[in-house]
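Since the structure comes first, as structure tokens, the remarks are kept for the end.
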There are 2 protein chains.
Amino acid sequence: MFLSKVKITLRKSILDPQGKAVEHAVSALGVKSVHDVRMGKYIEFRVEGASEAEAKRATEEVCKKLLANPVMEDYHIEIEKV
Amino acid sequence: MFLSKVKITLRKSILDPQGKAVEHAVSALGVKSVHDVRMGKYIEFRVEGASEAEAKRATEEVCKKLLANPVMEDYHIEIEKV
């Protein structure tokens, strides 16, 4: 059994209005040292599989077909044996 | 300048209906090896600061006051020098 940890981030070239809103809110809280906030998604799930390579293949398939929008988003996968 | 990478996850004891919905969708796609999907948020931002400890303090403040709901969510911080 493996644990897949997936980070989905907007591509650098895509504007992130949600991140901008958070940046303003942070500044309004009084923290002025924070800039360039980018919001993304984080997904964790368990994958059955004989090997890490197999778990990675399943995770990539799920990312490409369902979790990430390949036009606007990048994904980053970490696999951990559990 | 530091880059803060924050993962926000629902606490284990909190039900995650969004994760359940993704799990069903993954299964409907034909991938049967994926279980226990948990959805979270991923936030990246730059922090000005003299030291990693200072950047971490600012990041923790932002997490506690704004990004995470401490009743339902946990946060995990990574700081990277950039």
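Each reported figure results from applying straightforward, stated rules to the coordinates on display, with no laboratory input. As the structure is a prediction and not an experimental result, all values here were calculated from the model. Neighbour counts run over all protein chains shown; Cβ positions are idealised from the backbone, glycine included.
Summary table below
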{"item": "Cα→Cβ-extended label distance, 7 Å offset, between B:Asp74 and A:Arg11, nm", "result": "3.5 nm"}
{"item": "Cβ-defined net charge surrounding B:Glu61, 13 Å radius [Lys, Arg +1; Asp, Glu -1]", "result": "+3"}
{"item": "Per-residue [θ]222 nm for chain B (sum of -39500 (n - 2.57) over DSSP H runs n ≥ 4, rounded to 500)", "result": "-8500 deg cm²/dmol"}
{"item": "Placed amide H near A:Gly40: partners under 5 Å, 5+ positions off or other chain", "result": "B:Tyr42, B:Ile43, B:Glu44"}
{"item": "Value of relative contact order over chain A, rounded to a whole percent, pairs C-alpha under 8 Å and six or more apart", "result": "52 percent"}
{"item": "Residue exposure sequence - B:Lys12, B:Lys7 - by fewest surrounding Cβ within 10 Å", "result": "B:Lys12, B:Lys7"}
{"item": "Low-density loop cleavage sites - trypsin sites (Lys or Arg not before Pro) in region A:25-67, where at most 10 other Cβ are within 10 Å (DSSP)", "result": "A:Lys32"}
{"item": "Sites B:Gln18 and A:Glu48 - FRET efficiency at Förster radius 25 Å, r taken between beta-carbons, to 0.05", "result": "0.70"}
{"item": "Per-residue Cβ neighbour rank within 10 angstrom, fewest leading, B:Val26, B:Val31, A:Val62", "result": "B:Val31, B:Val26, A:Val62"}
{"item": "Interchain or long-range residues, amide H under 5 Å from A:Gly49's placed H", "result": "A:Phe2"}
